[in-house]
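Chemist: First the structure, which I've put down as structure tokens, then a few questions once you've had a look.
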Amino acid sequence: MAIVQDPRGLMYFANKDGVLEYDGVSWRLIPTTNRTGVYSLAVDPSGQVFVGAQGEIGYLAPDETGQLKFVSLKDRLEPACQQFSEVLGACSTSQGVYFYTRNFLFLFSSGRFTCWKASTTFHRSFSARDRFFIRQADLGLMEMKSGNLSLIPGGEKFAQNRVDVVLPFGADKF
């Protein structure tokens, strides 16, 4: 389940039918292009709400009446990266917005995507102190550095063990 709040204070909830928007009084459903379930949400520093869904990836933008609607970004992915099921997670960083599926990791930045294919399968992603982490089954906990995924020190300990949360620790390190 994913829940985010935009800078205006509106709340957005991932839902099996799309994105639920709540303004404190009423609910509104924002369906995706393919009208499938939403699994992940992220808000970037500009306040843009990004959406990861079943076979779909995009963001919310106002239509001609000012109502938010889903705008697909899937056609901006390389054809080899367009075949995915659920977008299971989304994280906003200063590098852009990361989305992950079991087989792919995407970074949307400056209007374009970069795509990485998992050598095994991805499981859970995290952002802490503007650093991006993802667990890859049979490999461990990895960090994105200079466009490459690499094991963090001791990350191999998580090759077979789930990681359910990454939190900042201490004054400037964790």
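The values are calculated or read from the model by the stated rules, or taken from the named source; none is laboratory data. Worth saying up front: this structure is predicted, and the values here are computed from it rather than measured. With ideal geometry, Cβ positions are generated from the backbone for all residues, glycine too; neighbour counts draw on all protein chains shown. To get the accessible areas, we keep the full protein, side chains included, count just its heavy atoms, and leave off ligands, DNA and RNA. Shrake-Rupley method; radii C 1.70, N 1.55, O 1.52, S 1.80 Å.
Chemist: Restrict the search to region 1-110; then list the GluC sites (Glu not before Pro) that DSSP places in a loop and that have at most 15 other Cβ atoms within 10 Å of their Cβ.
Modeler: Here the GluC sites (Glu not before Pro) that fit, given the DSSP loop and packing criteria, are Glu64.
Chemist: For a quick check: with amide H placed at 1.01 Å from N, whose amide H comes under 5 Å from Thr121's, ignoring anything fewer than 5 positions away on the same chain?
Modeler: Correct list: Ala137.
Chemist: Within the chain, count lysine pairs with alpha carbon atoms under 25 angstrom apart where the residues are 8 or more positions apart or belong to different chains.
Modeler: 9
Chemist: Between Gly147, Gly55, Gly24, find the one with the highest GNM mean-square fluctuation for the chain; connect C-alpha pairs within less than 10 Å.
Modeler: Of Gly147, Gly55, Gly24, the most mobile in the Gaussian network model is Gly24.
Chemist: Now a separate question. Amide H neighbours of Lys69 under 5 Å, at least 5 residues apart or on other chains, H built in the peptide plane: list them.
Modeler: Close amide H contacts, sequence-distant or interchain: Ala61, Asp63.
Chemist: Further, regarding this structure: Given contacts defined as C-alpha pairs under 8 Å and at least six residues apart, what's the relative contact order of the chain, whole-number percent?
Modeler: Taking the mean separation of contacting Cα pairs over the length of the chain, I get 11 percent.
Chemist: Leaving out ligands, DNA and RNA but keeping every protein chain, what accessible area does Ser119 have, in Å² rounded to the nearest 10, with a 1.4 Å probe?
Modeler: 90
Chemist: What is the set of long-range amide H partners of Phe132 at a cut-off below 5 Å, with H atoms built 1.01 Å from backbone N?
Modeler: It is Met144, by chain and number.
Chemist: Leaving out ligands and nucleic acids, and using a 1.4 Å probe, what accessible area per residue does the chain come to in Å²?
Modeler: With all protein chains present, the chain gives 53 Å² per residue.
Chemist: What chymotrypsin sites (Phe, Trp or Tyr not before Pro) does region 1-101 have in DSSP loop regions with at most 14 other beta carbons within 10 Å?
Modeler: For chymotrypsin sites (Phe, Trp or Tyr not before Pro) across region 1-101 that sit outside H, G, I, E and B with at most 14 neighbouring Cβ atoms in 10 Å, the list is empty.
Chemist: Using a Förster radius of 22 Å, what is the FRET efficiency between Val25 and Met1 based on their Cβ-Cβ separation? Nearest 0.05, please.
Modeler: The calculated FRET efficiency here is 0.50.
Chemist: Follow-up. Separation of region 54-83 and region 1-22 by C-alpha centroid, Å?
Modeler: If we compute the Cα centre of each part, the gap is 16 Å.
Chemist: In whole Hz, with x marking every Gly and Pro, tabulate ³J(HN,Hα) for region 73-89 from phi via Karplus 6.51 cos²θ - 1.76 cosθ + 1.60, θ = phi - 60°.
Modeler: Using θ = phi - 60°, the values come out as 10, 4, 5, 8, 6, 4, x, 5, 9, 7, 9, 9, 9, 6, 8, 7, x Hz.
Chemist: Spit out the partnerless Cys residues in the chain, using Cβ distances under 4.7 Å as the pairing rule.
Modeler: That list is Cys91.
Chemist: Continuing with this model, one more query. Give me a comma-separated list of calculated 3J(HN,Hα) values for region 11-20, in order, Karplus coefficients 6.51, -1.76, 1.60 applied at θ = phi - 60°, integers in Hz, x for any Gly or Pro.
Modeler: 9, 10, 10, 5, 8, 5, 10, x, 10, 8
Chemist: Also, I was wondering about something else. Write out the trypsin sites (Lys or Arg not before Pro) in region 35-123 meeting two conditions: DSSP loop, and at most 13 other Cβ atoms within 10 Å of their Cβ.
Modeler: Sites meeting the loop and neighbour criteria: Arg35.
Chemist: Separate question: Each residue of region 104-120 in turn: what ³J(HN,Hα) in whole Hz from Karplus with 6.51, -1.76, 1.60 and θ = phi - 60°, glycine and Pro shown as x?
Modeler: 9, 10, 10, 10, 9, 8, 6, x, 9, 9, 10, 10, 10, 9, 5, 7, 10
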